[in-house]
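The values are calculated or read from the model by the stated rules, or taken from the named source; none is laboratory data. Treat the numbers as computed from the prediction; the structure is a model and nothing was measured. Note that each Cβ is placed from the backbone with ideal geometry, even for glycine, and that neighbours are counted across all protein chains shown. We work out accessible area using only protein heavy atoms, side chains counted, and drop any ligands, DNA or RNA first. Shrake-Rupley method; radii C 1.70, N 1.55, O 1.52, S 1.80 Å.
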Amino acid sequence: MGTKNLDWGSLPFGYMETSKSFVCNFKNGEWDEGKLTSKHTIELNECAGVLQYAQTCFEGLKAYRTEHGDIVTFRPDLNADRMADSCTRLEMPVFPKDRFIEAVLMTIEANKDWIPPYGSGATLYIRPYMFGSNAVIGVKPADEYQFRILVTPVGPYFKGGVKPIKVRISDRDRAAPHGTGDIKAGLNYAMSLYNIVDAHKQGYAENIYLDPATHSYIEETGGANILFVTKEGKLVTPKSNSILPSITRRSLIVVAKEYLNIEIEERQISKDEIGNFVECGLCGTAAVISPIGIIDDHGKEIVYNEGKQEMGPVLSKIYDTLTGIQMGRLPAPEGWLYTIN
């Protein structure tokens with residue numbers, strides 16, 4: 001069990017300073033050895049590339065205690081791959097995949113006392129990130145970068161746990177056509193902040209964004225991919241070049257198909273057909289699946305799962321299966337779980 005004296009069951013989804021972070025610097029064309037540090041503040045030049053031109057990207061994954069007492073993390077190799085894509089698009093140096101995985105495991109091990117006990121509902125959130133660190137005044141990539149990993153114990157992303165949320169279809173865009181919507185760049189999230197604050201003020205948990213080119217097709221929310229279920233029990237997910245390739249969504253698709261024999265369809269989903277589905281949910285690292293009870297389309301409400309205050313039966317099966325794999329209750333596909341010694 002976690003040895004820190006925390007109320008694990010009441011943790012918010014927020015930041016808490018832990019024992020160690022990982023830091024590695026890129027300078028003169030190469031990465032240094034990297035190290036664990038107990039210093040959780042960063043000193044930057046006022047003209048640092050990240051401050052002037054938002055040259056930064058990040059990842060998110062979790063570590064858990066399984067019912068067998070093991071400490072595991074979930075598919076960090078895919079986070080390394082996705083961060084490499086983000087870095088390439090932002091003209092940042094790629095942190096090597098093997099070193100990424102090694103650093104994640106090292107940081108988890110250094111913070112074992114902060115990993116919540118099995119069954120608490122809490123997890124250890126892991127945030128690898130990179131930013132341009134040297135002074136840049138002309139519009140160009142930085143020459144120096146810092147790669148860091150912080151960890152923090154967190155509770156559920158949405159307050160109240162797994163309960164249906166109400167979302168709205170937004171007239172604003174989260175990404176530009178042929179832009180950066182498919183990478184995990186900090187600037188994407190900055191663009192969504194005004195809209196998510198406004199959504200919360202209006203009583204919505206999230207915004208659903210449409211494709212930026214035509215505003216005709218469902219894309220994703222500010223921080224999660226979207227899942228739909230048909231009357232026949234088929235799982236349907238939006239397909240677009242401006243959607244972030246969620247590791248959770250990709251895992252859920254494998255689980256649905258291989259473990260539960262659910263038919264899968266990845267395609268463009270017209271805004272006009274969302275009323276034909278019987279279940280809907282958001283998926284991502286933070287919440288795994290959060291059921292959507294109502295989508296508000298400019299005053300027209302589409303209700304899912306017959307308005308019940310619970311996750312629908314198909315999404316529940318998929319959710320229980322994936323979390324069962326993550327928590328060690330069910331056998332995992334090869335390579336999905338990394339055990340920390």
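Considering only DSSP states other than H, G, I, E and B, which GluC sites (Glu not before Pro) in region 32-80 qualify as loop sites with at most 16 other Cβ atoms within 10 Å?
Sites meeting the loop and neighbour criteria: Glu33, Glu43, Glu46, Glu67.
Please list 3J(HN,Hα) in residue order for region 88-103, calculated via the Karplus relation 6.51 cos²θ - 1.76 cosθ + 1.60 where θ = phi - 60°; whole Hz, with x for glycine and proline.
Each residue's phi maps through the Karplus curve to give 4, 6, 9, 6, 10, x, 7, 7, x, 4, 5, 6, 4, 4, 4, 5 Hz.
Enumerate the aspartates and glutamates that Lys166 could reach by cross-link, defined here as Cα to Cα under 20 Å, with residues fewer than 8 away along the same chain left out.
Answer for Lys166, where 20 Å is the Cα cut-off: Asp198, Glu206, Glu219, Glu220, Asp272, Glu273, Glu279, Asp296, Asp297, Glu301, Glu306, Glu310, listed by chain and number.
Cys57's amide H: which non-local residues (gap 5+, or another chain) put their own amide H closer than 5 Å, with H modeled 1.01 Å from N in plane and none for Pro or chain starts?
Close amide H contacts, sequence-distant or interchain: Met130, Gly186.
Evaluate the relative contact order of the chain (contact order divided by residue number), counting alpha-carbon pairs under 8 angstrom at least 6 apart; express in whole percent.
20 percent
Put +1 on the Cβ of each Lys and Arg and -1 on the Cβ of each Asp and Glu in the chain; which of His68, Thr221, Phe100 then has its Cα farthest toward the positive end of the dipole?
My answer, from the dipole projection, is His68.
Taking every eigenvalue of the Cα gyration tensor of region 164-311, multiplying by 5 and rooting it, what semi-axes result, largest first, whole Å?
22, 18, 14
Using Cα pairs closer than 8 Å and at least 6 residues apart in sequence, work out the relative contact order for region 12-55, in percent.
Here the relative contact order equals 30 percent.
At what distance in nm do the modelled label points of His298 and Glu67 sit from each other, each positioned 7 Å from its Cα along Cα→Cβ?
The two pseudo-label positions are separated by 4.9 nm.
Tally Lys/Arg at +1 and Asp/Glu at -1 over every other residue whose Cβ is under 14 Å from the Cβ of Lys234; what's the total?
With Lys, Arg at +1 and Asp, Glu at -1, the neighbours total -2.
Cut-off 11 Å, label point 7 angstrom out along Cα-to-Cβ of Lys308: give me the residues of region 314-341 whose amide nitrogen falls inside.
Output list for this probe position: 314-317.
Gln268 to Val254: extension gain in nm, 0.36 nm per residue of separation minus the Cα-Cα distance?
Working it through step by step, the gained length comes to 3.1 nm.
Test of understanding: in a Gaussian network model of the chain with alpha carbons linked when under 10 Å, which of Ala63, Ala256, Ala54 would top the mean-square fluctuation ranking?
For the chain, modelled as a Gaussian network with Cα springs under 10 Å, the answer is Ala54.
How do Lys20, Lys39 rank by accessible surface area computed with a 1.4 Å probe, from largest to smallest?
Greatest to least solvent exposure: Lys39, Lys20.
What is the sum of charges around Val72, taking Lys and Arg as +1, Asp and Glu as -1, for the other residues whose C-beta is under 10 Å from the C-beta of Val72?
Summing Lys/Arg as +1 and Asp/Glu as -1 gives +1.
In deg cm²/dmol and to the nearest 500, what is the mean residue ellipticity at 222 nm of the chain if only DSSP H runs of at least 4 residues count, each as -39500 (n - 2.57), divided by the residue total?
Taken over the chain, the calculation gives -6500 deg cm²/dmol.
Leaving out ligands, DNA and RNA but keeping every protein chain, what accessible area does Asp198 have, in Å² rounded to the nearest 10, with a 1.4 Å probe?
50 Å²
For the chain, place one equal point scatterer on every Cα, skip the solvent, and apply the Debye formula. What is log10 of I(q)/I(0) at q = 0.11, 0.15 Å⁻¹?
The computed values of log10 I(q)/I(0) come out as -0.75, -1.36.
Out of Pro164, Phe26, Thr248, whose Cα points farthest toward the positive end of the dipole of the chain (charges: +1 Lys, Arg; -1 Asp, Glu; placed on Cβ)?
Toward the positive end, the furthest listed residue is Pro164.
Report the charge-dipole magnitude of the chain in Debye, nearest 20, computed about the Cα centre from +1 at each Lys and Arg Cβ and -1 at each Asp and Glu Cβ.
Here the size comes out at about 480 debye.
Below 14 angstrom from the Cβ of Ala84, what's the summed charge of the other residues (Lys, Arg +1; Asp, Glu -1)?
-2
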